[in-house]
Amino acid sequence: DESSITHDDDPALQSQRTIDQRNDLLRKLMLSAMRTLNSMLEGRAENYSCPVHTYLCQKMSPAVLISRTVVAYQSYRESKRLANSGMKMIGLSSVPFLKMFVGALERLAQKQKIKDVKEYYREQTDNAFMIGVEITMLMIRLSHLDPKFNPVVVADASIMVSSQVHRGLIAKLYEILFGEHVSTGEDEEDEDNIFSSMVDDVNGNTDDKEGSQQLARMLEDPTYAKEVEAKSKKVQQMKQKRLYMQKRALAFFRDKLRSVEVCWGSDGLSSVYFPIPKEGEHMSDEIFEDLVERLDYSSDDRVKELMKLVPEVYDELKWHSTLQKAVGEVLAQGSTNQLNNVTFLIAMIINFLLLISLKFETGSESPSYANEKLENYTFVLGTVNANLAIFKLIHIAVFKLPILYKKMKRVRKRAKFFGGISFAQKRRALLSALFKPIAFATLIYLATHVCTVAYGTDTFNTGSVPYYLQIVTYFMNAWIGLSSVNAVAVNVGYSTKFLFWYSLLWQSQGVLGFYGLMLASAILGTRYSRTYPLFYAVQLFTIVPMSPTLNAVIMSVTKNGHQLVMTSILGLIIIYAFSLIAFFFLHSTNDLYNSGDAYQECTTMVDCYKTFVRNGLIYGGGIGDYVSGDLDNAPSMGDDMHYWTRLAFDLSFFIIVIVLLLNMIFGIILDTFGAVREAQNERKELAANRCFICGLNKDIFEDQKQLGGKGFHYHRENEHNLFDYIYFVIYLKNKSETEYNGAETFVSEQVNKEDTSWIPDGIALQIPRVDLNREREKKLEDLFESLRERQAMTREVLAGEISRLSAGMDKQFDIFRRTLGRVKSEVKEVRQTQREDNKKK
């Protein structure tokens, strides 16, 4: 493309610049050529017959492709080193196959034709990497079409000779005798051809008899033989080095390749190869575990859910890549679990020091440390823990909040694209969400006003129990109201700026809330480490997010939190009913009189209710156990009415509250914990024994392994790896649509339509596929053939039976005919006799 070549006034510089830029264009042309060849071979089966493909399989030289792979690999390494360091190409000219690039890059940098040399190196790195990847994919496809095409075998066979010393000796002598220079380090094909001709000379197959005779005479010189042997060793070392580089280049690019099975084309299912996108290199264990935990292996829509998570995973990987460039690989790859481990270990040490050192001195109202050194150790560790808590909170905010922001932006963009709801509908939704909190706040205010009127204005003084109870109630009501607004924002897709930023702040506290609490406890513990270091105990709860078992325990309480709250409210109502009965009917009998404190437990309804709530629940026998035990007011056997009334009251409270109500609450918790544990076990079993993508069981692949298959583990890790499908979609997002091949174009269209039919479901290349129509036709044909055979057999049987019956009937007719003739003759004789007798009479 002459139009892309920069022109200069200096003819000499213009000539060199033209060569340099043409070389760059040629490298881009090679990449396009490799992509074109791969597109021609994609989706072709082993039995596919086409003149073009047959020609490619026959004419493509594995040795040439391997040498190109080595060049691409070494170019990739050098360009990446320069891109990462930002240095100029110092010493690059020592690499033989890169000599032509050195002058070009230095001149372009000096003339400032390239604004960012480092960026140019990165572009060359990507170009070399993609060339190596495309060549590797081409070799894989050629090996699938033609089993004889095996680049690994060729690489291993490139140094196989009968005698290493003999080969080096022949090379040197050939140069002396025939005046031809032998290349021993750069071009493998030319070197092999020269060696072959030398071997022909030694074997006497050459026409130059004089040269063969001179060669034989020189072989007898021992001094020269040693020199040639040293040269031979050097040649063989270079050959070994070249073979090592070939294997390393092939292994490198093969490891950078991934494959997925795609339902498309004439065969219905084929493997599509692609390089791992750059973002895939930043997949951390934390992202991996979080994604696996969010997937439901038992769902029929599991693949759709996986595809819905791809944008979020892509944003997270891309953000990790940005952080790695900004703050370094060590800080960017830091794991929250690792920070939790460190802070939990420090918290354990601090609390152990508190356990062995805190004590109360005689006459002192505040605790003190047994040793001043232990106090200093606790303060230092607390300071370190507080700094780690600050760093951990910043780490979570930097890693999680941008991902949350991008996720909400996608949802908002999608909601705007599809229209959403009107402003009036949004207003009604907000008012509906705020109705309950406003109603509860009104009730709380009225209850507070009534209590103030009934008990005086001092009831809610600062520091009193009703005062703190009022604050907690208002706080819980405000929390419900704010969460309701966030629910509305989620339902309408954050379609307004206010709802978007409000929901972002609300969900941010959900992400940072726990670690913010840990930070506050660490700071307060350090601030009051010498007086009240009880805040250090809160740091021990860091173990909860670290342990899946504890998460399951917490989930057993929070998962059915609404049921537990409603059951608890029902219990408080039942206890209130019992306390109300006791207030009216047991007050006069002094059953609730505390003789020790000379105090009536039910003087006021509030005191009565507090007594029933506290003592009725903590005593194993209910309120009757407390009244009869601690208050020593057991019912007297002499008063039948009082005795039976107390018996019915105490026994009813025990059965309804202690036996039924508490066991209902415990039952909800235990059932939830059992369900969570069973779901986790089922999830682990499905993850271990079923492919997430195709849904086929492990037994199918293990049975096929007995017939030459590769087994379930290979299938799940290499053929249907769920992360490979994520990488493939990300790869398509990063790739220009003009460079798509057929399979990539098809998959891209399906992804844009949110259609997952391109992902295999219930099928895999490793499992032999059956054409259902042909199989059905074959079964029908077999059934018809069986019916025809049975019909023929039935005809034969019926014909035999009919013939047998016909012969029997003929025989019976003959017997009947003869019998009938005898009978007729006998009748005739009888009649004749009768006539003769009549005549005589």
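The values are calculated or read from the model by the stated rules, or taken from the named source; none is laboratory data. These figures come from a predicted structure and were not determined experimentally. Cβ coordinates were reconstructed from backbone atoms using ideal geometry, including for glycine residues, and neighbour counts include every protein chain displayed. Only protein heavy atoms, including side chains, enter the accessible area calculation; ligands, DNA and RNA are left aside. Shrake-Rupley method; radii C 1.70, N 1.55, O 1.52, S 1.80 Å.
Within the range 265-277, is even one residue open to solvent by 20 Å² or more (accessible area, probe 1.4 Å), of a type outside the set (Ser, Thr, Tyr) and modelled with pLDDT of 80 or more? For the range 265-277, residues open to solvent by 20 Å² or more (accessible area, probe 1.4 Å), of a type outside the set (Ser, Thr, Tyr) and modelled with pLDDT of 80 or more: present.
Scanning the range 587-607 for residues that are in contact with a strand residue (DSSP E or B) (Cβ under 9 Å, 6 or more places away or on another chain) and farther than 12 Å from Val627 by Cβ gives His587, Tyr599, Gln600, Asp607. Within the range 525-574, if we keep just the residues that are among the aromatic types (Phe, Trp, Tyr) and open to solvent by 70 Å² or more (accessible area, probe 1.4 Å), the residue that is nearest to Glu286 (Cα to Cα) turns out to be Phe541. Reported count of residues in the range 597-631, each being of a type in the set (Gly, Ala, Ser) and open to solvent by less than 30 Å² (accessible area, probe 1.4 Å), is 4. In a residue-by-residue description of the range 417-426, the property of being modelled with pLDDT under 80, under 30 Å from Ala478 (Cβ atoms), open to solvent by 70 Å² or more (accessible area, probe 1.4 Å) and assigned to a helix (DSSP H, G or I) applies to at least one position.
Of the helices (runs of 4 or more DSSP H) that lie entirely inside the range 668-760, those containing 2 or more residues that are aromatic (Phe, Trp, Tyr) span 711-714, 722-734. Ala487 meets the stated requirement of being out of contact with any helix residue (DSSP H, G or I) (no Cβ under 6 Å at 6 or more places or on another chain) and part of a helix (DSSP H, G or I). Among all positions in the range 632-640, there is no residue which is acidic (Asp, Glu), open to solvent by 50 Å² or more (accessible area, probe 1.4 Å), closer than 30 Å to Trp758 by Cα and not in a loop (DSSP other than H, G, I, E, B).
Conditions (1) in contact (Cβ under 8 Å) with a residue 12 or more places away in the chain; (2) among the aliphatic types (A, V, I, L, M), marked per residue:
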site	(1), (2)
Tyr643	no, no
Phe649	yes, no
Ile655	no, yes
Leu660	no, yes
Ile665	yes, yes
Gln680	yes, no
Cys691	yes, no
Phe701	yes, no
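Quick grid of which residues meet (1) open to solvent by less than 70 Å² (accessible area, probe 1.4 Å); (2) of a type in the set (Asp, Glu); (3) under 28 Å from Leu617 (Cβ atoms):
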position: Asp650; (1), (2), (3): yes, yes, yes
position: Leu661; (1), (2), (3): yes, no, yes
position: Ile693; (1), (2), (3): yes, no, no
position: Lys705; (1), (2), (3): no, no, no
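Given the structure, is Ile350 of a type outside the set (D, E, K, R), open to solvent by less than 60 Å² (accessible area, probe 1.4 Å) and in a helix (DSSP H, G or I)? Yes: the conditions hold for Ile350.
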